[in-house]
Amino acid sequence: MDVFVIEGGRRLAGTIRVNGSKNAALPLMAAALLTDEPLILSDVPNLSDIRNMTRLLGELGVQSDSQKSEHGQTITHQVTDPTQSHARYEIVRTMRASISTLGPLLAKRGSARVSLPGGCAIGQRPVDLHLRGLEALGATITLDGGDIEAVAPTGTGGRLIGAPIFLGGPFGSTVLGTANIMSAATLALGTTIIESAACEPEIVDLANMLISMGAKITGAGSPRIIIEGVEELGGTNHRVMADRIEAGTYMCAAAITGSDLTLENCPLDAMMSAVDTFGHMGIHVDPIGSGNDPMRRSCVISKSGPIKPVQITTQPHPGFPTDLQAQFMALLCLSNGNSVITEKIFPERFLHVAELSRMGAQIHRQGATAVVTGVKELTGAPVMASDLRASAGLVIAALAANGTTIINRVYHIDRGYEHLEDKLAGVGASIRRANAEKFADSAMTL
Ligand code: EPZ
């Protein structure tokens, strides 16, 4: 296993380009199952989650050819064997987004067997809303040995039946649940209404691609999406939207090191909550250049004066994204006051608190709320990555800490950030990847 070795205190300068979005790319890739024609995706980030989805699609009879491109990669997916419809536990357990193959498989092939994804470090991660939605479309769902068995209704030629579906749950909407039901409904008989749909930009990106494949979808990005089923979908060529969470992560890195950093390919139009929160903290995100696509802007991040404390409550989009909670908490550890962070999406998503405290942060967690008391400085220490975004928070804290931080288990980071250490080193950070064994006997490991 690899570690990151980070010497804190460096100012950053220069430009970082934001990649295509992992959370958009995964359901876009799964949508390849909906067509017999080639699906070409460009600006796909080169991440372990993407490689796992490619491997899963391979087991589901989809051939994937990847070409490295100037930014990320272009992947051409083509169904070659529609008889393979079992998403096995061995792959699904490594990546819960595998669940987004369920809807497309069922809609296109009339049946599907997908392993129930387990929980993960941030929570139990149920899929009850996905299953309820597919049942509303006429599917018969049974659980067998940890697998979801889904079968389309009889007498319809294997097609699902459009229906009105309320997809709201105790935590609001479900992003991948909306992706699953919207994708499945594109081939259903009749019209589907998804009420309390997720409004995330990644859902809009998926809808735009499905429409370019021949789907009839209106309302994506709003809580009510209407899908009129069609007989079949064609192929298309789609560029993955930019990653708003990666962009927000690098913005936090710039802010905590007091750097003026330029970011390219920022989906600023999808980041208004985060940019607004930065503003309250005294951190400026200023668009630059003449680019007119608000989803692919260049911008400069700068800070005027100390980081001010704020209150953050994570919400479904357009509220503050839970995937930036850990990164902002790291930043607020050095604010000049008390901040309150409430996690409304994943109430257990605080594994980074103990690790930040090892670096001298003062954080008091009470259930789904954490009070962060700003301190003058953080101190480098060996810490343990636990999940993708918590790990990103630790990197951000380490960039500003005095001394050396060793982050163990950086494979978590490789799931969602392409060459994070190279991008940060490229703008002046002292960060390098090393082999954990090299630190086995050093006092710096756990
Ligand atoms: C997506 O996960 C993202 N992953 C997550 O990003 C993100 O944190 C999450 O949306 C929320 O924004 C991908 O897009 C691949 P949900 P998803 O279904 O769709 C509950 C990252 O770091 N729920 O919107 O799985 C659930 O427990 C990852 O990139 C049910 O109760 O999340 C949670 O509390 C982490 N029943 C809330 O809803 C269900 O059937 C939101 O979950 C489904 C979800």
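Any read-out appearing in this document is the output of simple, stated calculations on the displayed coordinates, not a laboratory observation. These numbers were taken from a predicted model, which means no experiment stands behind them. Cβ sites come from the backbone with ideal geometry, for glycine too, and all protein chains shown count toward neighbours.
Some notes on this structure:
- The phi torsions of the range 79-94, fed into the Karplus equation with coefficients 6.51, -1.76 and 1.60 and a -60° offset, translate into couplings of 5, 10, 9, x, 8, 8, 10, 10, 8, 6, 4, 4, 8, 4, 5, 7 Hz, rounded to whole numbers, with Gly and Pro shown as x.
- Extent along principal axes [Cα atoms of the range 22-239; Å; largest to smallest]: 43, 36, 34
- GluC sites (Glu not before Pro) within the range 289-383, DSSP loop, no more than 14 other Cβ atoms inside 10 Å: E348, E377
- Residue-averaged 222 nm ellipticity for the chain, from DSSP H runs of 4+ at -39500 (n - 2.57), nearest 500: -8000 deg cm²/dmol
- For the chain, lysine pairs separated by 8 or more sequence positions, or belonging to different chains, with Cα-Cα distances below 26 Å total 12.
- Kirkwood estimate for the chain, i.e. one over the average of 1/r between Cα atoms, Å: 22.3
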